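Shown next, in structure tokens, is the structure this report addresses.
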Amino acid sequence: MFVLGNVLQGLAQALAWALEIYKYVLIGAAVVSWVNADPYNPIVRFLRTATDPPRRVIWRLLPESLRYFPLDIAFLVLFGLVIFAQHAVVQTLFDFGARLRLSA
């Protein structure tokens, strides 16, 4: 079972890095939305391509009263979900992998 534990810990580490990078992409997209950035800039296009689809899904799930709130609630929910995944899902995978390694 130690092999499965190692695989789960490796998966948790990869997921932790991916979520950390995505968190910085979200912060970059927020900064770009505050300034009047050139929409044809490749960096701006990448940030919008990486963050707009999940934000649109969350925006559609929000109640009508929160959709047109002055603050982008969909962005805050997405950022909160990334942080939740970092602390709950990744840590659970680490712990479960460690238990599997010890049980062998």
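Only helices enter this figure: runs of n ≥ 4 DSSP H residues, each worth -39500 (n - 2.57), summed and divided by the residues of the chain, yield -26500 deg cm²/dmol at 222 nm to the nearest 500.
Taking 0.36 nm per residue of separation and subtracting the Cα-Cα distance, full extension of the segment from ALA37 to PHE69 would add 9.3 nm. The Cα atoms of the stretch 2-103 define a convex hull whose projected area, averaged across directions, is 7.8 nm².
Using 1/(1 + (r/R0)^6) with R0 = 41 angstrom and r between the beta carbons of ARG101 and ILE27, what's the FRET efficiency to the nearest 0.05? So, using R0 = 41 Å, E works out to roughly 0.75.
When each of the peptides 10-16, 34-40 is scored by how many other beta carbons lie within 10 Å of its residues on average, the order from highest to lowest is 10-16, 34-40. Centre-to-centre separation between the Cα atoms of the stretch 90-104 and those of the stretch 39-89: 31 Å. For the pair LEU61 and GLN13 in one chain, pulling the backbone fully straight at 0.36 nm per residue adds 14.2 nm over the alpha carbon distance. Ranked by the mean number of other Cβ atoms within 10 Å per residue, highest first, peptides 79-89, 60-70 order as 79-89, 60-70. Computed about the Cα centre, the dipole magnitude for the stretch 2-103 is approximately 160 debye when only Lys and Arg (+1) and Asp and Glu (-1) carry charge, each at its Cβ.
Considering only TYR24, ASN41, GLY10, and ranking their Cα positions along the charge dipole of the stretch 1-56 that arises from unit charges at the beta-carbon of Lys, Arg, Asp and Glu, the one farthest toward the positive end is ASN41.
Using θ = phi - 60° in the Karplus curve 6.51 cos²θ - 1.76 cosθ + 1.60, the 3J(HN,Hα) couplings for the stretch 68-73 round to 10, 5, x, 9, 6, 5 Hz; x is entered for Gly and Pro.
FYI, it's all coordinate maths here, none of it is from the lab. Given the structure is predicted, the values throughout are model-derived calculations rather than measurements. Counting neighbours? That spans all protein chains shown, and the Cβs are built from the backbone with ideal geometry, glycine included.
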